[in-house]
1. Length gain on complete extension for the stretch PHE80 to GLU138, per 0.36 nm per residue less the alpha carbon to alpha carbon distance?
2. Which whole-Hz couplings ³J(HN,Hα) result when phi for each residue of region 107-120 is put into the Karplus expression 6.51 cos²θ - 1.76 cosθ + 1.60, θ = phi - 60°, listed in order with x for Gly and Pro?
3. Below 13 angstrom from the Cβ of PRO98, what's the summed charge of the other residues (Lys, Arg +1; Asp, Glu -1)?
4. Pairs of lysine in the chain with Cα under 16 Å and at least 8 positions apart or on different chains: total?
5. Quick one: among LEU56, LEU134, LEU106, which has the greatest mean-square fluctuation in a GNM of the chain with alpha-carbon springs under 10 angstrom?
6. With each run of n ≥ 4 DSSP H residues scored as -39500 (n - 2.57), what mean residue ellipticity at 222 nm is computed for the chain after dividing by its residue count and rounding to the nearest 500 deg cm²/dmol?
7. Give the long-range amide H neighbours of ARG95: residues separated by 5 or more places, or on another chain, with amide H under 5 Å away, using H modelled in the peptide plane at 1.01 Å from N.
8. Tell me, in nm to one decimal, what length is gained between ASP16 and MET165 on full extension, where the rule is 0.36 nm per residue of separation less the Cα-Cα distance?
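What follows is calculated from the coordinates using simple rules that are stated; it is not laboratory data. Every value quoted in this text rests on a predicted model; they were computed, and no experiment measured them. Backbone-built Cβ (ideal geometry, glycine too); neighbour counts: all protein chains shown.
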Amino acid sequence: MIRVFLSASVPLPDCDKKFAETADVIAIREAVKAVVGEVIPRGFLVFGGHPAITPLVARLLRTVGPESRGRFILYQSAFFSDRFGADNDDFIDVRIIPTVRRSRKLSLARMRERMIKDNQFDAGVFIGGMEGVLEEFELFKRAHPGTPVWPIASTGAAAKSVFEMTSSQRPELFAREMTYPKLFRTLLSEIGGAAETA
């Protein structure tokens, strides 16, 4: 079964303008929905907790069969434990990484490192996002050289920057294709991610 890393977030209004001005919030949500819909029948989805993304994925999780609920792997930093939402309870596999020296920055860095280095991935998907998505891209690229990176530039924000930094750009897919289920079916077929049959 395949294992896909998802790095996604919705840029905040007061964040760096280069992220907020190009972000397409509707596209971000639709792309996340498509990732879940296309990856879960084929394998596992690994992602880090985010206030806008975790509730969305949790809602989608409720629509899958009970046999598929264990295919979502959610990483959280204990630094934010007082802010965990009830959505965490929907996930079977929640991996909480200990706080580092009471530092937000160091704690997030440790969580990202564990999330990316402790797993073997078949692909990494980058949707929307801010600086954190760029940091996760750089870490993913170093930890998994040669693993396909899918920057969904049509969602804007950090994903657009990742697309511009990657050497194997495919604008017909990453920048222009906005029928996201079709996009991810195409990409998953390239790594041998055939959907399971009943």
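1. Full extension of this stretch gives 18.6 nm more.
2. Along region 107-120, the couplings run 5, 5, 4, 5, 4, 5, 4, 5, 4, 8, 7, 7, 10, 9 Hz.
3. Here the count lands on +4.
4. Lysine pairs, 8 or more places apart or on different chains, close enough: 4.
5. Comparing LEU56, LEU134, LEU106 in the GNM, the peak value goes to LEU106.
6. Mean residue ellipticity at 222 nm (helix-derived): -11500 deg cm²/dmol.
7. LEU74, TYR75, GLN76
8. 51.8 nm
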